[in-house]
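The values are calculated or read from the model by the stated rules, or taken from the named source; none is laboratory data. The model shown is predicted, which means the values in this text are computed figures rather than measured ones. As a convention, Cβ positions derive from the backbone with ideal geometry for all residues, glycine included, and neighbour counts pool all protein chains shown.
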Amino acid sequence: MNELITKKSRWNTHWKWLIPLLVLFSGILIILASAGNEISGVVAVYAESEIYENALEIARENQEVKQKLGDLEPIDFFAIAEGVVKYSNDNNSIAISVRVKGSKEKGKLDISADKKENKWEYNRIQIRIRKPKETIKILE
């Protein structure tokens, strides 16, 4: 009995895992492409730290913030990365929402500012508290 044994090609044996792998890589590429603007915005804000640091200092001086949140901790990179950063008007306007933590309570710091003559001027600074749901308007 002389029978010829034929082997299947690699494609025929491995196509079942290759197609899902290609779909996964395509999905990752799409996510990275769409998140590119978000990542660059976060990096730009972190590089221009005076935007949120000065707003945090203004918030720390507010009596209602002291009463409800306590002493506010500095904003770290992860708080900015988790937050929302939106540049507009050719990068001369910004809207930021980042988490802040006080000695008593946590909240979200919302900042809206415009850049005029290389200096940021705040339009709005407020802190949103979840429980109880309320907004402390610091600058409007």
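Overview of results
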quantity: Complete set of residues in the stretch 81-104 that are surrounded by fewer than 15 Cβ atoms within 10 Å (Cβ to Cβ) and either among the aromatic types (Phe, Trp, Tyr) or in a loop (DSSP other than H, G, I, E, B) (or both); calculated: Asn89, Asp90, Asn91, Asn92, Ser103, Lys104
quantity: Candidates Ala55, Ala59 - the one that is at pLDDT 90 or above, touching a helix residue (DSSP H, G or I) at 6+ places or on another chain (Cβ under 8 Å) and small (Gly, Ala, Ser); calculated: Ala59
quantity: Restricting the stretch 14-37 to residues that are at pLDDT below 75 and over 30 Å from Asn91 (Cβ atoms), the residue that is surrounded by the most Cβ atoms within 10 Å (Cβ to Cβ); calculated: His14
quantity: Residue under evaluation Ile58, criteria (1) touching a Leu at 6+ places or on another chain (Cβ under 9 Å); (2) crowded, with 17+ Cβ neighbours inside 10 Å; (3) outside any strand (DSSP E or B), criterion not met; calculated: (2)
quantity: Complete set of residues in the stretch 61-80 that are loosely packed, with under 15 Cβ neighbours inside 10 Å and either of a type in the set (Val, Ile, Thr) or under 18 Å from Tyr122 (Cα atoms) (or both); calculated: Glu61
